[in-house]
Amino acid sequence: MHKIIVTGGLGFIGSNLIKLLLKNKFNVTNIDKVTYSSNFYNTKEFHGHKNYKFIKCDLNDKLKLGKIIYKFKPAGIFNLAAETHVDRSIDEPASFINSNIVGVFNLLEIFRDYSKFNKKTKLIHISTDEVYGDILKGRSNENFPYRPSSPYAASKASSDHLVSSYVRTYGIPAIVTNCSNNYGPKQHPEKLIPKLIYNILNNKSLPIYGNGKNSREWIYVDDHCEALVKVYKKGRVGEFYNIGSNKNFNNLEICKSLIKIAKEQIKIGTKVKIKFVKDRPGHDVRYALDSKKIFNELNWKTKMNFNTGLEKTFLWYLLNNNYYKSVSKNDIVKRIGKI
């Protein structure tokens, strides 16, 4: 049985990845430092599972992290531990530097020694399409230059370069993936879709930055997780793989789709109306990935229709109202990233 370590496994993508790994009979250890965006609600279904274990550990605790890796002897490590919210990176960039750059450096230092001990291991470093910056026309492939706009994107770009340099210099078996915007169950409500759903369910206005025309490529989280497992199994060491759906929607379209879905499920309140708010600084207009490489090399493509996925997402939050109760209300309703 393959042993896998998932860092950041109490988060949105990490917990959904663990679900898929356990389904595929992997033995999973979840390492998470437990921050505001970590949520044990996300992993409650795994508690007691014979192939699942949770360990609290910060990637910056190099001694403890090293002991865990050498004791568990993973065949693969999926690194999802990261600060991810752009608005928070505007308010407090230091935590992004510490987690997304220094933490990854510590992991790499341990992994370059461990990979000599375990020749068959592999590190999958999960990154973002935001490293490419604004893509006003066309789609960014893996050879596009990095032009990050926010401290968050810059910290992720830095970590990607670190991983790539360790492959080149030390020969570590690692792969970097860059994914588009994810949506689905278990996402922290500081992010657009779960925040809008929360406001719909609680009869609040729906805040949209600027004119609502900022466009993002959206992928259902299960599709992303299946791509990650395929990269682990069949991806080439040292490569970068874009993971996207090729489907772009702007924020206004997302909001209107959610209102339509909500009306089919519940009676929405009179205050549920779109409200345009001051844009955040440095807000990129459009992200769009060219994912032909993973389609052609690994025979992977998305399965989930966007509207179906959005409906499934809305229903999950509707039926899991306790999820919102497990998150600080201040983290949901407070506006940050204004400077």
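Read-outs: derived from the displayed coordinates by stated rules, not from any lab. This is a predicted model, so every value here is computed, not measured. FYI the Cβ positions are ideal-geometry reconstructions off the backbone, even for glycines, and counts take in every protein chain you see.
Helical content of the chain, expressed as a calculated mean residue ellipticity at 222 nm, amounts to -12500 deg cm²/dmol (DSSP H runs of 4 or more residues, -39,500 (n - 2.57) each, divided by residue number, nearest 500).
Coupling constants for region 84-90 follow from the phi torsions by the Karplus curve (6.51 cos²θ - 1.76 cosθ + 1.60, θ = phi - 60°), and in residue order they are 10, 8, 3, 4, 5, 5, 6 Hz; glycine and proline get x.
Between Ile55 and Asn118, the distance separating the two model label sites (each 7 Å from Cα on the Cα→Cβ line) works out to 1.0 nm. Taking the C-alpha atoms only, the angle from helix 62-72 to the longest principal axis of the chain is near 70 degrees. Among the listed pairs Lys156/Lys273; Lys33/Lys263; Lys122/Lys301; Lys71/Lys312; Lys292/Lys325, which have their C-alpha atoms separated by more than 32 angstrom in this model? Lys156/Lys273; Lys33/Lys263; Lys71/Lys312; Lys292/Lys325, as the Cα separations exceed 32 Å there.
Looking at this model, which pairs from Lys137/Lys278; Lys19/Lys67; Lys186/Lys275; Lys293/Lys329; Lys67/Lys293; Lys25/Lys137 are more than 32 angstrom apart at the alpha-carbon? Pairs exceeding 32 Å: Lys293/Lys329; Lys67/Lys293; Lys25/Lys137.
Relative to the Cα centre, the charge distribution of the chain, modelled as +1 at Lys and Arg Cβ and -1 at Asp and Glu Cβ, gives a dipole magnitude of about 780 debye. Counting only alpha carbon atoms, the long axis of helix 192-201 and the longest principal axis of the chain meet at about 40°. The distance between label points at Asn203 and Lys3 comes to 5.4 nm (points 7 Å beyond Cα on the Cα→Cβ vector). Remark: region 285-339 carries a charge dipole of roughly 220 debye about the Cα centre, counting +1 on each Lys and Arg Cβ and -1 on each Asp and Glu Cβ. Tell me which of Ala94, Ile268, Thr169 sits at the most positive position along the dipole axis of the chain, charges placed on C-beta atoms (Lys, Arg +1; Asp, Glu -1). About the Cα centre, the residue reaching furthest to the positive side is Ile268. Length gained on full extension, Thr169 to Ile266, computed as 0.36 nm times the residue gap minus the Cα-Cα distance: 29.3 nm. Here's the picture: charge each Lys and Arg Cβ at +1 and each Asp and Glu Cβ at -1 in the chain, and of Val34, His85, Asn214 the one pushed furthest to the positive end of that dipole is Val34.
Residues Phe40, Phe144, Phe26 in ascending order of nearby Cβ atoms (within 10 Å, fewest first): Phe40, Phe144, Phe26.
Sorted ascending by nearby beta carbons within 10 Å, beginning with the fewest, Tyr241, Tyr323, Tyr36 become Tyr36, Tyr323, Tyr241. Tilt of helix 151-170 relative to the longest C-alpha principal axis of the chain, in degrees (0 to 90, nearest 10)? Rounded to the nearest ten degrees, it is 20. Summarising the amide proton neighbourhood of Ser127: residues at separation of 5 or more, or on other chains, whose placed amide H is nearer than 5 Å comprise Thr177, Asn178, Cys179.
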